[in-house]
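S.K.: Can you keep this structure in mind? I'll have questions shortly.
Here, each number is a calculation from the coordinates, and none is a lab measurement. Values in this document were obtained by computation on a predicted structure and should not be read as measured data. Positions of Cβ are generated from backbone atoms using ideal geometry, with glycine treated the same way; all protein chains shown enter the neighbour counts.
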């Protein structure tokens, strides 16, 4: 009888545990940019060949752009980005983009800010 009670308690705990469904609040602008770059954001091999979404500052404007990270490739830097209103902003010189930060990782499918 004692074993049955312990077994029932154990089963209750196991069945009562649910995987936590974290609801992540994604800022509207980042969500829109993930949709905009949906076809470009891809992960071939995490850490060595992935295209992620980044945010930076270009001529005092916050811009979002996709950039490929590849250790063995000669990757051309992004030529343009978009602001939150959807306006395309061409980069005359990518070196002028500052404060670059990854905001969405295509391998983990998570917002990283």
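S.K.: How far apart, in nanometres, would the label points at residue 43 and residue 99 be if each is projected 7 angstrom from Cα along the Cα-to-Cβ direction?
M.R.: A separation of 2.8 nm, rounded to one decimal place.
S.K.: Let's test the formula: R0 of 30 Å, r as the Cβ-Cβ distance of residue 75 and residue 112. What FRET efficiency results, to the nearest 0.05?
M.R.: Values: r = 20 Å, r/R0 = 0.65.
Rounded to the nearest 0.05, the efficiency is 0.95.
S.K.: For the range 27-111, what class follows from the C-alpha gyration tensor (a ≥ b ≥ c being the square roots of its eigenvalues): rounded when a/c is under 1.5, otherwise prolate if a/b is larger than b/c, else oblate?
M.R.: Working: a/c = 1.99, a/b = 1.23, b/c = 1.62.
The shape class here is oblate.
S.K.: Another question about this same structure. If you take the beta carbon distance between residue 59 and residue 36 as r and set R0 to 30 Å, what does 1/(1 + (r/R0)^6) give as a FRET efficiency, to the nearest 0.05? Mind dumping the intermediate values first?
M.R.: Numbers: r = 20 Å, r/R0 = 0.68.
The computed FRET efficiency comes out at 0.90.
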